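Down below is the structure, laid out as structure tokens.
Coordinate-derived values only; no laboratory data. Values in this document were obtained by computation on a predicted structure and should not be read as measured data. Please note: Cβ atoms are built from the backbone with ideal geometry, for glycine as well, and neighbour counts cover all protein chains shown.
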């Protein structure tokens, strides 16, 4: 249990105009800090662009949509399943060709 607690950190994140305390895995600390910075930057951009025209709630939702869209695009960009399928087919073809080649060579080696 003590070892598990050493792997966790209690940190404070500044997100827009608020301090948020969270407990995170030690290896995830930088991700949390980067996420807080991204949220703050995007929120500030929307708040400035829509100052006096949109509520804080709407600005927060626009920020969430913006960041979720970035995430979805990155996720789609990193989808490797089409490549995995092509590689599996090519691997099978190579293995089949090598199997045929070996079958042809084996009688010659035995003689």
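Summed over the range 21-58, the residues that are closer than 20 Å to residue 5 by Cα and not in a helix (DSSP H, G or I) give a count of 5.
Would you confirm whether any residue within the range 77-93 is in contact with a helix residue (DSSP H, G or I) (Cβ under 9 Å, 6 or more places away or on another chain) and surrounded by 10 or more Cβ atoms within 10 Å (Cβ to Cβ)? No, because not a single residue in the range 77-93 is in contact with a helix residue (DSSP H, G or I) (Cβ under 9 Å, 6 or more places away or on another chain) and surrounded by 10 or more Cβ atoms within 10 Å (Cβ to Cβ).
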